[in-house]
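Undergrad: The structure's right below; bear with me while I get my questions together.
The values are calculated or read from the model by the stated rules, or taken from the named source; none is laboratory data. The structure presented is a predicted model; accordingly, all values stated were derived computationally and were not measured. For neighbour counting, all protein chains shown are included, and Cβ atoms are generated from backbone atoms with ideal geometry for every residue, glycine included. Please note that ligands, DNA and RNA were not included when accessible areas were found on the heavy atoms of the full protein model with its side chains. Shrake-Rupley method; radii C 1.70, N 1.55, O 1.52, S 1.80 Å.
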Amino acid sequence: QVQLVESGGGLVQAGGSLRLSCSASGIIFSIYTMGWYRQAPGKQRELVAAITRGGSTNYADSVKGRFTISRDNAKDTVYLQMNSLQPEDTDVYYCKADRVVGPQSYVMDYWGKGTLVTVSS
């Protein structure tokens, strides 16, 4: 059974930092692209940052220079270091694992249940 478990969310003041972790089980972690997404009530879930199996990263424009995604394949864990947090970063943050399989490029993906980040002004 695949499980992605996020941790590290909480309440922080504007300008502060948090580090989110997502521990994976039930998958061969090293072959998956790992991503962090966020979603506010009534809004679409949006990509925050992603890291490929090869270590390439991409970020939403709104977090570039403030957030850093990294992965530890030995620990089956992906991290999101969030610095200079702002109230607009308040959201539920979700971890996602995905990979493309087969000749028809089927996307296999799994989601965690999310962790709440609240940034006070």
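Undergrad: In terms of the ratio Rg/(2.2 N^0.38 Å) built on C-alpha atoms, what value belongs to segment 47-98?
TA: On the way: Rg = 11.3 Å, N = 52, 2.2 N^0.38 = 9.9 Å.
Relative to the rule-of-thumb radius for its length, segment 47-98 sits at 1.15.
Undergrad: Which lysines does Lys43 reach when only Cα atoms under 30 Å apart count, and residues fewer than 8 places away in its own chain are ignored?
TA: Output for Lys43: Lys64, Lys96, Lys113.
Undergrad: If you don't mind, another one. Could you state the principal axis extents of the C-alpha atoms in segment 71-121, from the largest down, to the nearest angstrom?
TA: Answer, in whole Å and largest first: 49, 25, 18 Å.
Undergrad: Continuing with this model, one more query. For Gln86, put the label point 7 Å out on the Cα→Cβ axis and report which residues of segment 1-29 keep their amide N under 12 Å from it.
TA: Correct set: 15.
Undergrad: Along Cα→Cβ, 7 Å out, is where each label goes; now give me the distance between the ones at Asn73 and Leu11 in nm to one decimal.
TA: If labels sit at Asn73 and Leu11, their model points lie 4.1 nm apart.
Undergrad: On to the next question. Select from Lys43, Lys64, Lys96 the residue whose mean-square fluctuation is largest in a Gaussian network model of the chain (Cα-Cα springs shorter than 10 Å).
TA: Among Lys43, Lys64, Lys96, the largest mean-square fluctuation in the Gaussian network model of the chain belongs to Lys43.
Undergrad: With contacts defined as alpha carbon pairs under 8 Å and 6 or more residues apart, what's the relative contact order of the chain in percent? Don't jump to the answer; show the numbers that get you there.
TA: Numbers: 291 pairs, mean separation 42.0, N = 121.
Answer for the chain is 35 percent.
Undergrad: Quick one: putting +1 on the C-beta of Lys and Arg, -1 on the C-beta of Asp and Glu, what dipole do you get for segment 53-97 around its Cα centre, in Debye to the nearest 20? Don't skip to the end; give the middle numbers.
TA: On the way: 6 positive and 6 negative charges, 50 e Å.
Computed about the Cα centre, the dipole is about 240 debye.
Undergrad: Tell me the carbon and sulfur percent of the accessible area for the chain, rounded to whole percent, probe radius 1.4 Å.
TA: Working: 3090 of 6610 Å².
For the chain, the apolar C and S fraction of the accessible surface comes to 47 percent.
Undergrad: In square angstrom, what is the accessible area per residue of the chain with a 1.4 angstrom probe? Please report the intermediate quantities before stating the final value.
TA: Details: 6610 Å² over 121 residues.
It amounts to 55 Å² per residue over the chain.
Undergrad: Efficiency by 1/(1 + (r/R0)^6): what FRET value for Ser62 and Val2, r their Cβ-Cβ distance, R0 = 35 Å, to the nearest 0.05? Write down the numbers at each step before the final one.
TA: Values: r = 29 Å, r/R0 = 0.83.
Computed FRET efficiency for Ser62 and Val2 comes out at 0.75.
Undergrad: Work out the P(r) tail for segment 1-53: percent of alpha carbon pairs separated by more than 15 Å, whole number. Write down the numbers at each step before the final one.
TA: Details: 855 of 1378 pairs.
Percent of Cα pairs beyond 15 Å in segment 1-53: 62.
Undergrad: Considering only Ser62, Ala97, Phe29, whose Cα is most displaced toward the positive end of the charge dipole of the chain, charges sitting on Cβ of Lys, Arg (+1) and Asp, Glu (-1)?
TA: Sorting the options by dipole projection puts first Phe29.
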